[in-house]
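Written out below as structure tokens is the structure these notes cover.
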Amino acid sequence: MEYPDRFDVIVIGGGHAGTEAALAAARMGSRTLLLTHNIETLGQMSCNPAIGGIGKSHLVKEIDALGGAMGLATDLGGIQFRVLNARKGPAVRATRAQADRVRYKAAIRGMLENQPNLTLFQQAAGDLIVDGDTVRGVVTESGVRFLGETVVLCTGTFLGGVIHIGLDNSRGGRAGDPPSNALAQRLRALPFRVDRLKTGTPPRLDAKSVDFSVLETQPGDSPTPVMSYLGDRDMHPRQVSCHIAHTNERTHEIIHANLDRSPMFSGVIEGVGPRYCPSIEDKVHRFADKASHQVFVEPEGLDTHELYPNGISTSLPFDVQLQVVRSIRGLENAHITRPGYAIEYDFFDPRDLRHSLETKFIHNLFFAGQINGTTGYEEAGAQGLLAGLNAARRAQGLDAWWPRRDEAYLGVLVDDLITLGTREPYRMFTSRAEYRLLLREDNADLRLTEAGRALGLVDERRWRVFSEKREAIEAESARLKASWVQPGSDAAARIEAKTGGSLGREYNLMDLLKRPELGYDDVAGLVGEPVSDERVAEQVQIQAKYQGYIDRQQAEIDKLKRHEATRLPEDLDYARVEGLSNEIRQKLAEARPETLAQASRISGVTPAAVSILLIHLKKRR
Ligand code: FAD
């Protein structure tokens, strides 16, 4: 049958990409359908129930700054929060939360059900309605036809999914869920480049069978960090600790002795796995000299005894998994509630996409999430939001929008994917962003919320909270610049006691705040009243301390923009340009671009490489 209502945007798949895509499109006023296998699994975390971490919390905060759901759901579901790299610079600082998977899912579902313009429907999509080179809708496996202006495909690990436990395998989208085979076949018939990737998950354990007394305890941070710009600590449920265990030589012996029963090592799995989230058999094989690996024993929730042993993802047979687990101190009597497994799935070469995440071959069809070769909830959510908003804009007859690499990690993610493609599951790192001093997790709202408001993604409440914060930062910065400490005053004496040097002349509070040994709390109350909002204080402090670096990075961006027309000599020998990777040298030598602008558009030539070329040209002159 044909469903009587027509939609502007149809999103297939209610994982992390699909839920952000559907919410974004609906927030922008588009009539949106979210079609998913199972409404009970909306927002389900297939692997560890943890959100954030290095490079990833930057994406969560950007999703949040654009009005998305992931940050708020984390605050509603998070049971242990920590700031990673807290002692390092703000560019690489990252918030990580262990979530209660049931509470997280409930939070996402609540947001979906309460979102105006959004309709949910439970069924598998089996086919796309394609007319020439334009998508017109979707047909479910039971034959319901939904017509829509645009379609966003967010099917995760489900396309042609095969689950491996030891040398046994079965078809599945993840444990307990069916694969998407009809849709996979349909997509393989379209002109996209398809390949296989794999990922894995560890066995889950019953906490009642674990001896925590011999494990290291890892409490969350105090005061508890918050993920969303609209979040606060009162939203968090009860907080709990995680624990740390270690593999040992016995564990590694068991793994070595059974590698021939691992589907990865016996050649059964062909897909490439995530380099930065390797299985335990991979780690033991690749780092043979390491006698031990850490295992973070993390709770799956407040109302369950299940634990997630982070660090021993595996596709070894169950009997070996049990031996591996029980060889670890504290887990000698551990009961496995669910075996670990690996999954192989189809992904589509993201070089066949535009920056908007629309496919190049089929108009109005967008891809987002793991289907594009990425791994991680955050990477999926960020792409979903971008694809959803661009699908809505297309349906509204508007041009596509995407952030540049110097504006957002989301810009870096999409630019990397569509220009470089990927041969292994792609995850975000701060090192992927050339302008990471500008792209901090603390300022994602200042970078993106205004754009989000203009796009129609940011509601009244978020806009008000953001505007008040931005004004408070500006007012406080102005106050610090206009507040002076005179030598010989009480305030000067307090500064001198802290720094051990004499003040000598008058200083304004902003200049004092730039000194490395002084923080906001040391200077802000010396003259006048400090602000009580810690987020405003944090921003004022970071801007003061890093302004020099930030200005330099901004100048670099401006310089690159100015030099785009600079000509590249025809005889330029790229092999002699120091600092370029061999891959980039080869691409430039083949393409022989005429200008820096042309060079920067070659797939794989990064802004950092363009900067190196510019320096090289200056040296030649
Ligand atoms: P998913 O979260 O997979 O969601 C896909 C959704 O689409 C599901 O709701 C599904 O039911 C629905 N769907 C699929 N096909 C159809 C259809 N035809 N019709 C209707 N609905 C459909 N990430 C890491 O960062 N680190 C890890 O170590 C890690 N390990 C993982 C281990 C396993 C076993 C799995 C399965 C995933 C792992 N991940 C890991 C990846 C992480 O789960 C994904 O990156 C993330 O969930 C991707 O989000 P997504 O929205 O693209 O897809």
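Values quoted throughout were computed directly from the atomic coordinates according to the rules given, and no laboratory measurement underlies them. Remember, predicted model here, so these are calculated numbers, not experimental data. Neighbour counts are summed over all protein chains in view; Cβ atoms, including those assigned to glycine, are modelled from backbone coordinates with ideal geometry.
Please compute the net charge surrounding VAL226, taking Lys and Arg as +1 and Asp and Glu as -1 over other residues with Cβ under 15 Å from its Cβ.
Every neighbour counted, the sum reads -3.
Within 9 Å, Cβ to Cβ, of ILE63, how many net charges do the neighbouring residues add up to if Lys/Arg are +1 and Asp/Glu are -1?
Charge balance in the 9 Å sphere: -3.
Consider all pairwise Cα distances in the chain and report the whole-number % of them above 31 Å.
More than 31 Å apart: 56 percent of the Cα pairs in the chain.
With only alpha-carbon atoms in the gyration tensor, what are the semi-axes of the equivalent ellipsoid for the stretch 327-482, in Å, largest first?
One finds semi-axes of 33, 26, 16 Å for the stretch 327-482.
Would you kindly work out the equivalent ellipsoid of the stretch 447-492 from its C-alpha gyration tensor and give its semi-axes, the square roots of five times the eigenvalues, largest first in whole Å?
Listed largest to smallest, the semi-axes of the stretch 447-492 are 37, 9, 6 Å.
Can you find, among LEU580, GLY548, ALA597, the residue farthest towards the positive end of the dipole of the stretch 539-608? Put +1 on the C-beta of Lys and Arg, -1 on that of Asp and Glu.
After comparing all options, I get GLY548.
Just grab the label-to-label distance for SER431 and SER266, each label 7 Å out from Cα along the Cβ direction, in nm (one decimal).
Going from the SER431 label point to the SER266 one covers 3.5 nm.
Mind checking the alpha-carbon convex hull of the stretch 155-279 and giving the volume per residue in Å³?
210
Charges at C-beta only: +1 for Lys and Arg, -1 for Asp and Glu. How large is the resulting dipole of the chain about its Cα centre, in Debye rounded to 20?
1160
Run the dipole for the stretch 269-344 about the Cα centre, Lys and Arg Cβ at +1, Asp and Glu Cβ at -1, nothing else charged, and hand back the magnitude in debye, nearest 20.
Charge dipole of the stretch 269-344: 300 debye, to the nearest 20.
Give, in whole angstrom and from largest to smallest, the semi-axes √(5λ) of the equivalent ellipsoid of the stretch 266-339, with λ running over the eigenvalues of the Cα gyration tensor.
Computed over the stretch 266-339, the values are 22, 15, 13 Å.
Are any of the pairs LYS88/LYS561; LYS360/LYS587; LYS360/LYS559; LYS56/LYS88; LYS469/LYS559 more than 24 Å apart by Cα-Cα distance, and if so, which?
Result: LYS88/LYS561; LYS360/LYS559; LYS469/LYS559 exceed 24 Å.
Give, as ranges by residue number, the residues of the stretch 122-165 whose backbone N falls under 19 Å from the point 7 Å along Cα→Cβ of GLN185.
Taking a point 7 Å out along Cα→Cβ of GLN185, the residues of the stretch 122-165 whose backbone N falls under 19 Å are 124-130, 138-145, 158-163.
Cα centroids of the stretch 1-58 and the stretch 491-517: how far apart, whole angstrom?
52
Quick one: ILE584, ILE12, fewest Cβ neighbours within 10 Å first, how do they rank?
Ranked by crowding around the Cβ, least crowded first: ILE584, ILE12.
Quick one: Karplus J couplings for the stretch 522-535, per residue in order, coefficients 6.51, -1.76, 1.60, θ = phi - 60°, nearest Hz, x for Gly and Pro?
Listing the rounded values in order: 6, 10, 5, x, 5, 9, x, 9, x, 7, 8, 6, 5, 6 Hz.
Run the dipole for the stretch 467-610 about the Cα centre, Lys and Arg Cβ at +1, Asp and Glu Cβ at -1, nothing else charged, and hand back the magnitude in debye, nearest 20.
Roughly 360 debye for the stretch 467-610.
Report, for the chain, the % of DSSP beta bridges that are antiparallel, rounded to 5.
Roughly 70 percent of the beta bridges in the chain run antiparallel, per DSSP.
Restricting to Cα atoms and excluding each atom paired with itself, what does the Kirkwood estimate give for the stretch 464-621 in Å?
Here the Kirkwood hydrodynamic radius works out to 19.2 Å.
Using the Kirkwood radius over C-alpha pairs as Rh, can you work out the diffusion coefficient of the stretch 17-129 via Stokes-Einstein at 10 °C, viscosity 1.306 mPa s, in µm² per second?
Rounded to a whole number, D works out at 106 µm²/s.
When 1/r is averaged over all different Cα pairs and the result inverted, which Kirkwood radius in Å belongs to the stretch 1-45?
10.9
Name the residues whose placed amide hydrogens come within less than 5 Å of the amide hydrogen of HIS363, ignoring near sequence neighbours (fewer than 5 apart) on the same chain.
The answer is THR134, VAL135.
Once Lys and Arg get +1 and Asp and Glu get -1 on their Cβ, which of SER315, ALA99, VAL268 lies farthest toward the positive end of the dipole of the chain?
Farthest along the dipole direction, towards plus: VAL268.
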